[in-house]
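A quick write-up on the structure given underneath.
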Amino acid sequence: MREADRGRTRWGLVAAPVLVLGLLIVGLALWAHSDEEEPRAGAAATVPCAEALAFGAAGRPATAGTGDCAVQRGIDIAYTAVLRMPREDVRGWLRETYPDAPEPRTGGGSCGALCLDVTHENGLPGTAEAHVVQVRVEYVNAETALVRFSAFTM
């Protein structure tokens, strides 16, 4: 083999892996940015309230107004729903949704007007994908309640 051919062969051996590595890096960067509509792990994304409530084996209260609902995915999954509904319907909806759960607690602090914490050990239906459901109720006025529903895995 001539001296000139040997030099080209060495450069060819070095250039090929560098080119392949460069293409892999560019391809990975393009792939990472191609799914921008998917939220990154840990980022909250808006979801239909029926989906958020179903994760905790709950149905949308018939008298509830339009709500704000979201999911946050990471190691665990957490759904939240914030709904407004008539105050008089809240306890009935909770009893109907979680018939085997303890009675909602009352009294201020972080609880608000009503609190309910439900797990599979104390009344969460087997159909729930969540491990825990927490409901916090605040009374907005004499007729309206703000219901904060969260269902999550641990």
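The numbers here are math on the coordinates, done by the rules we state, and not lab data. This is a predicted model, so every value here is computed, not measured.
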Proportion of all alpha-carbon pairs of the stretch 36-154 beyond 21 Å (%): 35
Extension reserve of the R84-Q72 stretch, reckoned as 0.36 nm per residue once the Cα distance is removed: 2.2 nm
